[in-house]
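Here is the structure we will look at.
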Amino acid sequence: MGLMVLKLLTEGSSQLGYTLSPQQLRLFELYAQVLSYWSVRMNLTAITDPEEVQVKHFLDSIAIATVLNGVPPESRVIDVGTGAGFPGVPLKVIRPDLRLVLLESIAKKVTFLHHLLAHLGLDGVEVVMGRAEDVARDLAFREQFPVVVSRAVAPLPVLLELTVPFCRLGGMIVAPKSGDVIKEIDLARPALEVLGGQLKEARKVELAGLEGHVLVVVSKVASTPPQYPRRAGMPSKRPIGERGPGGRSSTGVASV
Ligand code: SAM
């Protein structure tokens with residue numbers, strides 16, 4: 001794409017408060033190249049237009065950094081359901097001081113991620129293949145992360161069950177959302193309560209091309225009960241708080 005045409009990225013980043021160094025621009029340029037090359041060969045992302053990649057992938061991911069100002073260097077961040085690396089990899093380019101775990105369940109995407117990371121030469125990034133429901137039961141991952149990020153993986157009530165268990169007490173979960181975010185948050189209240197989360201803020205992203213995008217920030221205020229997350233597939237099959245056929249609100253515990 002050439003450095004000159006990363007104009008949208010450069011301008012958008014500066015509006016968010018980040019002046020990209022030539023090295024950072026070079027990393028984004030490489031990322032865009034690897035992404036477009038692989039997208040043709042495997043169905044990695046629906047967004048391939050170079051301008052859209054800059055706004056809907058890169059800037060949308062970078063916006064998360066604005067809520068991480070108080071997060072100290074060396075902190076561990078996990079990106080749950082990272083796909084082709086969003087939002088984790090752009091975040092790592094903006095905050096190279098953070099340590100990153102990219103979690104993804106699909107093998108071909110994991111292969112892409114290894115290839116991408118080798119290309120970008122980023123340090124302090126680990127790729128883990130698995131489902132969030134299983135990996136969050138591993139004590140090396142459970143309640144270990146001060147920051148959990150996840151984009152476009154599930155509606156909020158489901159997403160919380162996949163993310164909150166990774167977050168340590170006092171940490172936060174950041175999920176970019178668009179659409180009827182107020183309603184989504186409302187539907188997620190039972191899940192927040194059950195999992196030990198509390199809504200901290202819903203911050204609007206003020207950038208051209210990202211109208212209606214909101215960063216939902218959740219604080220981890222209580223330990224997640226051991227029965228969560230439920231086994232793989234259950235969080236989306238029977239979201240916490242959803243009314244079942246009998247009109248009962250599900251906590252997922254007494255599942256029929
Ligand atoms: N986060 C990326 C983005 O915003 O471009 C990818 C979004 S993609 C729509 C959803 C990704 O989450 C897919 O790559 C899928 O394999 C992964 N995923 C969905 N459920 C998951 C789970 N339970 N555990 C781990 N990964 C999951």
Legend entry - Under 5 Å, built H, 5+ apart or other chain: amide partners of G171: K220
Inset, instruction - Kindly write out, for region 156-172 in residue order, the coupling ³J(HN,Hα) from the Karplus curve 6.51 cos²θ - 1.76 cosθ + 1.60 (θ = phi - 60°), rounded to whole Hz, with x marking Gly and Pro. - result: 3, x, 6, 4, 5, 5, 7, 10, 4, x, 7, 7, 7, 4, x, x, 9
Inset, instruction - With both partners inside the chain, how many of the DSSP beta bridges are antiparallel, as a percent to the nearest 5? - result: 45 percent
Inset, instruction - Take T224, T48, T10 and sort them by solvent-accessible surface of the protein heavy atoms, 1.4 Å probe, largest at the top. - result: T48, T10, T224
Inset, instruction - State log₁₀ I(q)/I(0) for the chain at q = 0.07, 0.09, 0.15, 0.16 Å⁻¹ as given by the Debye formula over alpha-carbon point scatterers of equal weight, solvent excluded. - result: -0.23, -0.38, -1.05, -1.19
Inset, instruction - Pull out the extension gain between K204 and H115, defined as 0.36 nm times the separation in residues minus the alpha carbon to alpha carbon distance; nm, one decimal. - result: 28.7 nm
Inset, instruction - Just the number, please: carbon plus sulfur as a percent of the accessible area of region 3-227, 1.4 Å probe, no ligands or DNA/RNA counted. - result: 55 percent
Inset, instruction - Please report the base-10 log of the normalised intensity I(q)/I(0) for region 1-65, using a Debye sum with one equal scatterer per alpha carbon and no solvent, at each q in 0.12, 0.17, 0.30 (1/Å). - result: -0.28, -0.55, -1.43
Legend entry - Extension gain from E74 to S36, taking 0.36 nm per residue of separation minus the Cα-Cα distance: 10.6 nm
Inset, instruction - Please label the shape of region 131-250 as rounded, prolate or oblate, based on the square roots a ≥ b ≥ c of the eigenvalues of the alpha-carbon gyration tensor (a/c under 1.5 means rounded; beyond that, a/b larger than b/c means prolate, else oblate). - result: oblate
Legend entry - Point-to-point label distance, L122-D186, nm (Cα→Cβ direction, 7 Å offset): 3.7 nm
Legend entry - the chain: relative contact order in percent, alpha carbon pairs under 8 Å with at least 6 residues between: 15 percent
Legend entry - Amide proton proximity set for G241, modelled H, under 5 Å, gap of 5+: S250, T251, G252
Inset, instruction - Would you pull out the residues with amide H under 5 Å of V127's amide H, same chain only if 5 or more places away, H placed 1.01 Å from N? - result: L102
Legend entry - Partner aspartates and glutamates for K109 [C-alpha distance under 17 Å; skip if fewer than 8 residues away on the same chain]: D79, E126
Inset, instruction - Can you work out the PRE-style zone for L25? Point 7 Å along Cα to Cβ, and I want the residues of region 90-105 with backbone N under 19 Å. - result: 90-91, 93-96
Inset, instruction - Step through the residues of region 89-95 one at a time and calculate ³J(HN,Hα) from phi using the Karplus curve (6.51 cos²θ - 1.76 cosθ + 1.60, θ = phi - 60°), rounding each to whole Hz and writing x for Gly and Pro. - result: 5, x, 4, 5, 5, 6, 10
Legend entry - region 18-83-region 185-202 distance, computed between alpha-carbon centres (Å): 27 Å
Legend entry - In order through region 106-123: 3J(HN,Hα) via Karplus (6.51 cos²θ - 1.76 cosθ + 1.60), integer Hz, x for Gly, Pro: 9, 4, 5, 6, 5, 4, 4, 4, 4, 4, 4, 5, 4, 5, 7, x, 7, 8
Inset, instruction - For every other residue with a beta carbon closer than 15 angstrom to the beta carbon of G124, add +1 if it is Lys or Arg and -1 if Asp or Glu, then tell me the sum. - result: -1
Legend entry - Listed residues A132, A140, A65, most fluctuating in the chain (Gaussian network, C-alpha, under 10 Å): A140
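The values are calculated or read from the model by the stated rules, or taken from the named source; none is laboratory data. Quick caveat: nothing in here was measured; it's all calculated off a predicted structure. Cβ atoms come from the backbone with ideal geometry, glycine included; neighbour counts cover every protein chain shown. Protein only, heavy atoms only, side chains kept; ligands, DNA and RNA dropped before computing areas. Shrake-Rupley method; radii C 1.70, N 1.55, O 1.52, S 1.80 Å.
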